[in-house]
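Computed from the coordinates by the stated procedures, all read-outs in this text should not be read as laboratory data. What you see is a predicted model; the values in this text were computed from it and never measured. Backbone-built Cβ (ideal geometry, glycine too); neighbour counts: all protein chains shown.
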Protein chains: 2
Amino acid sequence: MDKISISSNFFIPMPVLLVGTQVNGKANFMPLGWCSRANANPPMILCGINKAHYTPQGIRETKTFSLNIPSSDIIEKTDYCGLVSGKTVDKSTIFDVFYGTLKTAPMIRECPVTLECRLVRIVELPTNHIFIGEIAGAYADPAFIREGKPDFRAINPLLLTMPDNSYWKMGEYVGRAWEIGAKMKTGV
Amino acid sequence: MDKISISSNFFIPMPVLLVGTQVNGKANFMPLGWCSRANANPPMILCGINKAHYTPQGIRETKTFSLNIPSSDIIEKTDYCGLVSGKTVDKSTIFDVFYGTLKTAPMIRECPVTLECRLVRIVELPTNHIFIGEIAGAYADPAFIREGKPDFRAINPLLLTMPDNSYWKMGEYVGRAWEIGAKMKTGV
């Protein structure tokens, strides 16, 4: 089939997270889709945030931030955090907040897994800044851990696609990574 | 519920892509989960790749790379690309390859959507490098475009979770982003 050109402003399917910061001494949260692991050892993770947002101020102030994985069942609170800015609305009481060792990276007790991160580097791009953090601590509800590993079926994470602006659940299991393609090793 | 500490080497749910490069004049592909949009305008995207891989050599040589979104139906070929290195196996004939305007970023015709990227910056971290590219072109099969937008239900992308090393389909639609939380605006 022949390809056609489409807008280069394409968005890959994104995991939905909530980034937590302390801005002017108050916990603040914004939903985030631009997130990826950044380094294997030590474990680092990055997030891309538009410069105009309130959250970058908190990351720069405290040199820390949190990343929280919401389950699909708190989709409304998660989405709401993206509809109002911490500049004008106090978002510190939407969730039950707790802190880890870093003390300035507010985490969300309602989220099955939360990470607290120590800022390592900021990469400044034209409209967005990439915040790279070392994962200093990770926390989970025991109900979401199975055989020592995060149980993603139970975690029930949200995905976001754009520009159709749709939230999706994780779906059907289709196979094992670094295994399902092994038959091609001899077959080709 | 009380939280427990888990390994800080935590992996968020990841979209599965194939990064395409030309290394020593030959197309090469590796699956990739560490990927995120990086800048809104101009559109940029980033990927994190372990320094030991073959792919970074191609990105550095040509200053270009491609990102291809495989459908679940080519999961075996996608996974196979992660089982063998371009250092020892010629992966240039696994897919039907085409090129766009950049000429050195091989794209995969079997993938519903493909992006060709011009390298903008490399961020060097201890074990991984982050390659940030401007999206110079985006291509799609018309069958995967609906009302001018990528139709992610049709694209049928893969997700990867670790360390359970599982591939998943995108699942049930659960709501509209920047909308489903709006009722809290007056309700809180």
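Taking a label point 7 Å out from Cα toward Cβ, give me the nm distances from residue B:89 to the same spot in the other copies, shortest first, one decimal.
Those separations, rounded to one decimal, come out as 5.0 nm.
Can you name the chain B residue with its Cβ nearest the rotation axis from B to A, and give the distance in Å as a whole number?
B:171, 1
Just to confirm the numbers: residue A:154, label point 7 angstrom along the Cα-Cβ line, distances to the other copies in nm, shortest first?
Values, ascending and in nm: 3.9.
Cα to Cα, under 17 Å, and not fewer than 8 places away if on the same chain: which lysines meet these conditions relative to residue A:149?
B:3
For region A:8-44 and region B:45-93, what is the separation of their Cα centres, given in Å?
25
Residue farthest toward the positive end of the dipole of region B:14-187, with Cβ of Lys/Arg at +1 and Asp/Glu at -1: which of B:14, B:180, B:156?
The residue sitting farthest along the positive end of the dipole is B:180.
Which value in Å is the Kirkwood Rh of the protein assembly as shown over different Cα pairs?
20.8
How far is residue A:182 from itself in the other copies, in nm, if each label sits 7 Å out from Cα along the Cα-Cβ line, shortest first?
Here residue A:182 shows inter-copy label distances of 5.0 nm.
With Cβ to Cβ distances under 15 Å as the rule, what net charge do the other residues near residue B:148 carry (K, R +1; D, E -1)?
-2
Dipole of the protein assembly as shown (Lys/Arg Cβ +1, Asp/Glu Cβ -1, origin at the Cα centre): which of B:170, A:23, B:115 lies farthest to the positive side?
Most positive-ward Cα: A:23.
Looking at region A:105-146, what % of the alpha carbon pairs are farther apart than 12 Å?
67
Please give the calculated 222 nm ellipticity per residue for chain B, where each DSSP H segment of at least 4 residues contributes -39500 (n - 2.57) and the sum is spread over every residue; nearest 500 deg cm²/dmol?
Counting only the DSSP helices, I get -2500 deg cm²/dmol.
How big is the Rg/Rh ratio for chain B, C-alpha atoms only, Rh by Kirkwood, two decimals?
Values: Rg = 17.9 Å, Rh = 17.8 Å.
Result for chain B is an Rg/Rh of 1.00.
With charges only on Cβ, +1 for K and R and -1 for D and E, what is the dipole size of region B:14-187 about its Cα centre, in debye, rounded to 20? Working shown, then result.
Numbers: 19 positive and 16 negative charges, 96 e Å.
The calculated dipole for region B:14-187 is roughly 460 debye.
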